[in-house]
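K.L.:
Okay, handing you the structure first.
No lab work stands behind these numbers, since they all come straight from the coordinates. The model shown is predicted, which means the values in this text are computed figures rather than measured ones. So basically every Cβ, Gly included, is an ideal-geometry build from the backbone, and we count neighbours across all protein chains shown.
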């Protein structure tokens, strides 16, 4: 079987039929081989089969949603004629039909619920709506779609409401969507495709919540697609699917895919942000009071406080969260906790403490780019050890260009932030 280097050489020599054959053989063995799908798309461009090329590139993008080559690849596919179909490639692209239930929680979402439901039409096999006490026109809008509304009394616990929705679904695969999220039209087909490709796995699939960040959109991975045979929702607030103890699975597969959800949950024109933040803080305080060792809730509490510019209050919560997380067997949010703590230290003029935290995060979580960049940028801003600063920023740029994990990270590090910072050296 040809290696990547062999295939790259064949592409350079325009041996497109040979590349096509090699990639098809690889994909018969591993249909999730991102590189093989990408190479096959390039071969299809060379063979002037534009439609086949686009389908191959989009399958690769499904598993590699942050790919920097997306715009160039799709432009190349559209630049050639559609060409004839390739039956072998179409066969590889086929997946079995796996029915999916969308579960949507609502409460006073009359401004967003219609778009949310309209976007789900055709992407899933049924839509379950659970309302927790709307007083506006949300319920009547849902019913206008011919969708039944199930009522669940609000108990200050998002997981209870979400698990009630799971119990109503007729299908095992669940696509959980917030009522202020709108599925991208071009990603509709990806919902069932992802479920089909991972139906035999204990997989927690992360969609990309697209949030407005200044004049651009920032993707934030959120766990949205899973089988209820293996998962249920946990935590009262900032809830997440967790594997059922009865499965005996210690660590499920987690991966981000290209299923994008436009999010308006932090749009001041759509929601009462101060009210939402105060509600979150109150719920988190209650959770922490019941379990002071819950480092995930400690992190979210500190984050909510810092969003409200209460940095000094946030620091002890974030510090404790990081200490507890370091001692835990599974603490996927550790780099986010450390970066948030360093951010609060920086804004309260405790630069030495911020640098020490970031240095520790780069050692504890070396694969995540944000702490590396923040460490280098802070060294640079404080006029400390410019050689170390430059090395850290360069390393962050490399990590950000190739990161495929399920944690959010700053995409602009690879796009422009690292280069801008390095120009200061």
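K.L.:
Regarding region 351-425, what whole-number volume in Å³ per residue does the convex hull of its Cα atoms give?
P.N.:
Per residue, the Cα convex hull of region 351-425 comes to 75 Å³.
K.L.:
Another question, if that's okay. In the chain, what % of DSSP beta bridges are antiparallel (nearest 5)? Write out the running numbers ahead of the final one.
P.N.:
Values: 19 of 41 bridges.
Here the antiparallel bridges make up roughly 45 percent for the chain.
K.L.:
Over the Cα atoms of region 211-265, what radius of gyration and what Dmax do you get, in Å?
P.N.:
Every Cα atom of region 211-265 included, Rg and Dmax give 14.2, 46 Å.
K.L.:
Here's something else I'd like to know. Report the residue, chosen from 366, 274, 221, that carries the largest GNM mean-square fluctuation when the chain is represented by alpha-carbon nodes joined by springs under 10 Å.
P.N.:
Comparing 366, 274, 221 in the GNM, the peak value goes to 274.
K.L.:
Separate question: Between residue 34 and residue 282, what FRET efficiency follows from the Cβ-Cβ distance if R0 is 51 Å, with the result rounded to 0.05?
P.N.:
0.70
K.L.:
A follow-up question, please. Report the relative contact order of the chain, percent, no decimals, based on alpha-carbon pairs under 8 angstrom and at least 6 residues apart. Could you put the intermediate results ahead of the total?
P.N.:
Working: 720 pairs, mean separation 42.6, N = 425.
Answer for the chain is 10 percent.
K.L.:
Calculated from DSSP H runs of 4 or more alone, at -39500 (n - 2.57) each and per residue, what is the 222 nm mean residue ellipticity of the chain, nearest 500? Let's see the in-between values first.
P.N.:
Numbers: 18 runs with 213 residues, N = 425.
The helix-only estimate for the chain comes to -15500 deg cm²/dmol at 222 nm.
K.L.:
Rank-order 382-389, 405-412 by packing density, defined as the average count of other C-beta atoms within 10 Å over each peptide's residues, highest first. Don't skip to the end; give the middle numbers.
P.N.:
Values: 382-389: 13.5, 405-412: 19.0.
Going from most to least packed, we get 405-412, 382-389.
K.L.:
Mind checking which of 11, 120, 334 has the largest fluctuation in a GNM of the chain, springs on alpha carbons under 10 Å?
P.N.:
Residue with maximal mean-square fluctuation among 11, 120, 334: 11.
K.L.:
Evaluate the Kirkwood expression for the hydrodynamic radius of region 273-422, namely the inverse of the mean inverse distance over all pairs of different C-alpha atoms, and round to one decimal in Å. Please report the intermediate quantities before stating the final value.
P.N.:
Values: mean 1/r = 0.0632 Å⁻¹.
That comes to 15.8 Å for region 273-422.
K.L.:
Would you calculate the separation in nanometres between label points at residue 72 and residue 398, each defined as 7 Å from the Cα along the Cα-to-beta-carbon direction?
P.N.:
According to this spin-label approximation, the distance is 1.9 nm.
K.L.:
Relative to the compact-globule scaling 2.2 N^0.38 Å, provide the ratio for the alpha-carbon radius of gyration of region 24-168. Numbers along the way, then the final one.
P.N.:
On the way: Rg = 21.1 Å, N = 145, 2.2 N^0.38 = 14.6 Å.
So the Cα radius of gyration is 1.45 times the expected 2.2 N^0.38 Å.
K.L.:
From Cα pairs below 8 angstrom and at least 6 apart in sequence, can you work out the relative contact order of region 75-188, rounded to a whole percent?
P.N.:
Numbers: 169 pairs, mean separation 40.4, N = 114.
It rounds to 35 percent for region 75-188.
K.L.:
What does the highest-first list of 349-360, 79-90, 30-41 look like by mean Cβ count within 10 Å? Don't jump to the answer; show the numbers that get you there.
P.N.:
Working: 349-360: 17.8, 79-90: 13.7, 30-41: 20.3.
Output ranking for 349-360, 79-90, 30-41: 30-41, 349-360, 79-90.
K.L.:
List the relative contact order of region 4-93 as a percent without decimals, with contacts defined as Cα pairs under 8 Å and 6+ residues apart. Numbers along the way, then the final one.
P.N.:
Numbers: 111 pairs, mean separation 24.9, N = 90.
In percent, rounded to a whole number, it is 28.
K.L.:
Can you work out the FRET efficiency for the pair residue 367 and residue 95, with r the C-beta to C-beta distance and R0 = 30 Å, to the nearest 0.05? Provide the component values of the computation, followed by the final result.
P.N.:
On the way: r = 30 Å, r/R0 = 1.00.
Working from the Cβ atoms, E equals 0.50.
K.L.:
Test of understanding: in a Gaussian network model of the chain with alpha carbons linked when under 10 Å, which of 252, 99, 65 would top the mean-square fluctuation ranking?
P.N.:
Of 252, 99, 65, the Gaussian network model singles out 252 as fluctuating most.
K.L.:
May I pose another question? For the pair residue 145 and residue 213, how long in nm is the line joining their label points, each one 7 Å along Cα→Cβ?
P.N.:
Taking the two extended label points, one gets 2.8 nm.
K.L.:
Further question on the same structure: Over all directions, the average projected area of the alpha-carbon convex hull for region 4-93 comes to how many nm²? Working shown, then result.
P.N.:
Working: hull surface 20.4 nm².
Mean projected area of the Cα convex hull: 5.1 nm².
K.L.:
Roughly what % antiparallel, to the nearest 5, for the DSSP beta bridges in region 100-263?
P.N.:
45
K.L.:
Would you compute, for the Cα atoms of region 158-222, the largest minus smallest coordinate along each principal axis and list the three values in descending order, in whole Å?
P.N.:
40, 29, 20 Å, listed from the longest principal axis down.
K.L.:
Taking the simple approach of a point 7 Å from Cα along Cα-to-Cβ for both residue 416 and residue 250, what is their distance in nm?
P.N.:
Distance between the two pseudo-spin positions: 4.5 nm.
K.L.:
Here's something else I'd like to know. Compactness ratio of region 100-263: Cα Rg over 2.2 N^0.38 Å, N = residue count? Don't skip to the end; give the middle numbers.
P.N.:
Working: Rg = 15.1 Å, N = 164, 2.2 N^0.38 = 15.3 Å.
For region 100-263, the normalised Cα radius of gyration comes out at 0.99.
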